[in-house]
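The values are calculated or read from the model by the stated rules, or taken from the named source; none is laboratory data. Because the structure is predicted, anything quoted here is derived from the model rather than measured. Note: ideal-geometry Cβ built from the backbone for every residue, glycine included; neighbour counts use all protein chains shown.
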Amino acid sequence: MDLEAIRTEIDRLDAQIVGLLNQRFQHVLDVGEYKRERGLEVYVPERESLLLKRLAELNEGPMDSATLRAVYREIISAARLLEDPLGIAFLGPESTFTHQAALNKFGRNAHYLSKRTIADVFDAVERDHVSYGVVPVENSTEGAVTHTLDMFLDSSVKICAEVNMVVHHNLLSHSAKGKLRVIYSHPQVFGQCRRWLQSNLPGVPLIEVSSTTEAAARSSHEEDAGALASSLAAERYGLEIQEANIEDLTDNTTRFLVLGKQEPKQTGDDKTSILFVVRDRVGALYDSLKPLSEHEISMTFIESRPSRRKSWEYYFFVDFLGHLSEENVQESLEGLGEHCQFVKIMGSYPRGGAPD
């Protein structure tokens, strides 16, 4: 086929795609009416998870699965807009990696609300000011975000879903790399790019600021200033990406939690998060966790935090594979509870897919 014939075929396929999308959206309107009549949730984490997995199985290429997810993320986001726009709070400011994670989960058609602290995100969900919140909980190099864990002690919100995202740091500036006289960023970002900075910009002063967004904002208004920040920040502040993906570890991944009040149903690939306090005796933690092993449940995360209520008393946070509705999970939690002063279920939800 010559070029003109190929383009004609693409135009024909585009016309079919538009027609099919509108048919899909008509069904979405019907679903929205059904949900409104019955008071059902607009966002159904387990349905979205199963849908994306089914589409990935149908995909025979040449489009890769990440591109397919990105396309359908926006289709789903636009569909929710027809049903009822979602309000999403996130740990801000805008253009940070948490903002990007929220966009990766809910698309660009949700209404986003930037919050100054993790506590503010929890509060917005608790008071029904928004439908959901997005906060970081764990980084593959920095470890747990302890403030997020601590918030679950007194909050009634649940974990509805999770987002895994590879965090890429970029050198942003109006000026070429060789002309930079100062670089702004968050201290953790400087730590994650230390080797690259030493090799490529030795001697250039590094100025710590409160967020990568603030770094990009400052850089956009100063001559020969750079920022280490996200591509989203580059887009927002009109900065050029002078060097991309400069983090020392290329698989630097952050896990984010979606907070809400609903309890997703089982998908077959789920995760459960709990917190508990063991009784004060020798071997209590071992005895508490033993039922998970006995029921062949795989634990994926454990972190301890001081209770702040009694000296030398600790809460333990644990994630494991499985859903609360499964019999072996229920039996293991009963066994765990026999050795604990207190057990709280933080949520059972679809396990996050491969990092975007």
Quiz item: Mind checking which residues of segment 246-283 are crowded, with 18+ Cβ neighbours inside 10 Å, among the charged types (D, E, K, R) and closer than 30 Å to Lys177 by Cβ?
Solution: Glu247
Quiz item: Mind checking which residues of segment 32-63 are among the basic types (Lys, Arg) and either modelled with pLDDT of 90 or more or closer than 19 Å to Ser348 by Cβ (or both)?
Solution: Arg47, Lys53, Arg54
Self-check item: Filter result (of a type in the set (Asp, Glu) and over 22 Å from Gln100 (Cβ atoms)) within segment 55-70
Solution: Glu57, Glu60
Self-check item: Index of the failed condition, Tyr72 passing every other in (1) modelled with pLDDT of 90 or more; (2) surrounded by fewer than 14 Cβ atoms within 10 Å (Cβ to Cβ)
Solution: (2)
Practice problem: Test Thr254 against the stated conditions and say whether it is at pLDDT 95 or above and β-branched (Val, Ile, Thr). | Solution: no
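One line per residue, one yes/no per condition, for (1) more than 19 Å from the chain's Cα centre (by Cα); (2) under 22 Å from Ser348 (Cβ atoms); (3) part of a loop (DSSP other than H, G, I, E, B); (4) in contact (Cβ under 8 Å) with a residue 12 or more places away in the chain:
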position	(1), (2), (3), (4)
Ile246	yes, no, yes, yes
Phe256	no, yes, no, yes
Gln262	no, yes, yes, yes
Lys265	yes, yes, yes, yes
Ser273	no, yes, no, yes
Phe276	yes, yes, no, yes
Asp287	yes, no, no, yes
Pro291	yes, yes, no, yes
Quiz item: Quick one: is Val189 buried (at least 22 other Cβ atoms within 10 Å of the Cβ) and in contact (Cβ under 8 Å) with a residue 60 or more places away in the chain?
Solution: no
Practice problem: Would you mind stating whether Ala101 is surrounded by 23 or more Cβ atoms within 10 Å (Cβ to Cβ), more than 21 Å from Arg305 (Cα to Cα) and touching a residue at least 60 places away in the same chain (Cβ under 8 Å)? | Solution: yes
Quiz item: When you scan segment 55-170 for helices (runs of 4 or more DSSP H) that lie fully inside it, which ones turn up with 2 or more residues that are within 30 Å of Arg195 (Cα to Cα) and hydroxyl-bearing (Ser, Thr, Tyr)?
Solution: 146-151
Exercise. Give the number of residues within segment 227-243 that are aliphatic (A, V, I, L, M) and more than 15 Å from His168 (Cα to Cα).
Key: 1
Self-check item: Any hit, segment 131-142, residues being modelled with pLDDT under 95 and more than 23 Å from Val167 (Cα to Cα)
Solution: yes
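Conditions tested, residue by residue: (1) among the hydroxyl-bearing types (Ser, Thr, Tyr); (2) over 30 Å from Lys265 (Cβ atoms); (3) surrounded by fewer than 17 Cβ atoms within 10 Å (Cβ to Cβ).
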{"residue": "Thr148", "(1), (2), (3)": "yes, no, no"}
{"residue": "Leu180", "(1), (2), (3)": "no, yes, no"}
{"residue": "Asn200", "(1), (2), (3)": "no, yes, yes"}
{"residue": "Glu208", "(1), (2), (3)": "no, yes, yes"}
Practice problem: For Ile274, work out the one condition from (1) farther than 25 Å from Phe97 by Cβ; (2) at pLDDT below 95; (3) in contact with a helix residue (DSSP H, G or I) (Cβ under 9 Å, 6 or more places away or on another chain) it doesn't fulfil. | Solution: (2)
Quiz prompt | Verdict on Leu50 being within 30 Å of Gly322 (Cβ to Cβ), surrounded by 10 or more Cβ atoms within 10 Å (Cβ to Cβ) and not basic (Lys, Arg) | solution = yes
Practice problem: Can you run down the residue pairs with Cβ atoms below 6 Å, 6 or more apart or on separate chains, where the first is in segment 25-49 and closer than 16 Å to Pro85 by Cα and the partner is polar (S, T, N, Q)? | Solution: Glu41/Gln262
Quiz item: Tell me, which residue of segment 293-307 that is in contact (Cβ under 8 Å) with a residue 40 or more places away in the chain and part of a strand (DSSP E or B) is farthest from the chain's Cα centre (by Cα)?
Solution: Arg305
Practice problem: Mind counting the residues in segment 309-325 that are in contact (Cβ under 8 Å) with a residue 60 or more places away in the chain and over 25 Å from the mean Cα position of the chain (by Cα)? | Solution: 0
Quiz prompt | Residue in segment 37-50 that is nearest to Ser77 (Cα to Cα), counting only those that are under 18 Å from the mean Cα position of the chain (by Cα) and assigned to a helix (DSSP H, G or I) | solution = Glu48
